[in-house]
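The values are calculated or read from the model by the stated rules, or taken from the named source; none is laboratory data. All values reported here derive from a predicted model rather than from experimental measurement. Heads up, the Cβs are rebuilt from the backbone with ideal geometry, glycines too, and the neighbour counts pull from every protein chain shown.
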Amino acid sequence: MADTWSIGKYTFTSRLLVGTGKFPDFPTMQKAHVASGAEVVTVAVRRLDLSAKGEASLLEWIPKGMTLLPNTAACFTADEAVRTARLGRELGMGDLVKLEVIGDPRTLFPDVVGLVEAAKVLVKEGFTVLPYTNDDPVTAKRLEDAGCAAIMPLGAPIGSGLGLRNPYNLRIIMETAKVPVLVDAGVGTASDAAIAMELGAVAVLMNTAIAGAKDPVLMAAAMRDAVSAGRQAFLAGRIPMKLHAAASSPLTGLIGS
Amino acid sequence: MPMQVRLNGEVRELPDGITVSGLLAHLGVKAQRVAVEVNETVVTKDRYEAHRLGAGDSIEIVAFVGGG
């Protein structure tokens, strides 16, 4: 049986979700998306530049068949996030939203109070809400209780590439939540993605780690493999850690004994 | 008679009683690629023809851009 996962009414095979920001150009982004094998792609909602005529549309460069996940990035209040989510739904014709309510411009850490408030409104309006949240198990529970379809705790600040700074909290969230837990933000390189999956994440969402790499297309392929390897290792069940050696070769039958 | 509105944060003069469709045509914007909000409420595409803008309206026209 295929190893699929679901959020709301959507079912996916790939456990890597990718972004569309900060790529050097659209053709590179498109190649990276294909190389990543991702089925879900995030997009942002912004005022149309009314002075720019005939600009290339982002949507034309997103591979056909990918599911759009509009975000509410850079919204600092629940109200802004709700309005942005509604506009994203109108633009994308889907009910998925990556809900962000940011509390601090320097770290881009979420305002979890505003996040829960916005989540409640959007769930009531029929959105499939994927909240970007802190690595706090209690907030994760609040979001789940609010009806969110998934929980997306950060590994580290957005775009920081610091990897998973609090794997223990992430694991607690993964063990407790009844909805899928996706690690969103903080991944710097392939091993970070593998670690997230080994911990038991259902999927990993990243943008900068791919878009900002020297070779985004190659990094996208690396991330695809890392997510897949991490998932398989999680399913296989790793050995317990021990302080001392446990020989792999027999200790008997040695010559000269 | 022109009327004043706020469009994407900027004060603009528009023909009195223009509809959302009219505004998009006036701006040369393809309706399929944008979403429109008037006074903090989304105007769905099926209402573009019917929805007339009024003086003092606050209009937001948005599109998808790259993001994570």
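Here are a few things to note about the model shown:
- Scanning the range A:143-150 turns up at least one residue that is assigned to a helix (DSSP H, G or I) and touching a strand residue (DSSP E or B) at 6+ places or on another chain (Cβ under 9 Å).
- Contacts under 7 angstrom Cβ, first residue in the range A:146-174 being on the phi > 0 side of the Ramachandran plot, partner assigned to a helix (DSSP H, G or I) and aliphatic (A, V, I, L, M), 6 or more apart: A:GLY147/A:VAL123; A:GLY161/A:ALA209
- Scanning the range A:188-216 for residues that are hydrophobic (A, V, I, L, M, F, W, C), within 14 Å of another protein chain (Cβ to nearest Cβ) and buried (at least 24 other Cβ atoms within 10 Å of the Cβ) yields A:VAL204, A:LEU205, A:MET206, A:ALA209, A:ILE210.
- Close contacts from the range B:1-12, counting a first residue that is touching a residue at least 12 places away in the same chain (Cβ under 8 Å) and a second that is of a type in the set (Val, Ile, Thr), with Cβ to Cβ under 8 Å and a gap of 6+ residues or different chains, come to B:GLN4/B:VAL11; B:VAL5/B:VAL11; B:VAL5/B:ILE59; B:ARG6/B:ILE59; B:LEU7/B:ILE59; B:LEU7/B:ILE61; B:ASN8/B:ILE59; B:ASN8/B:ILE61.
- Inside the range A:144-187, residues that are of a type outside the set (Val, Ile, Thr) and away from chain B (no Cβ under 14 Å) make up a count of 23.
- One residue alone among A:THR133, A:THR84 is without any contact (Cβ under 8 Å) to a residue 24 or more places away in the chain, hydroxyl-bearing (Ser, Thr, Tyr) and buried (at least 17 other Cβ atoms within 10 Å of the Cβ), and that residue is A:THR133.
- When residues of the range B:31-68 are limited to those that are at the interface with chain A (Cβ under 8 Å from one of its Cβ atoms) and among the charged types (D, E, K, R), the one nearest to B:PRO2 (Cα to Cα): B:GLU60
- A:ARG47, sole failed condition from (1) in contact (Cβ under 8 Å) with a residue 60 or more places away in the chain; (2) more than 16 Å from the chain's Cα centre (by Cα): (1)
- Condition met for A:VAL112 (more than 16 Å from A:ALA85 (Cα to Cα), touching a Ser or Thr at 6+ places or on another chain (Cβ under 6 Å) and at pLDDT 95 or above): yes
- When A:SER57 is tested against the conditions (1) within 8 Å of chain B (Cβ to nearest Cβ); (2) under 20 Å from B:LEU7 (Cβ atoms); (3) not acidic (Asp, Glu), the lone failure is (2).
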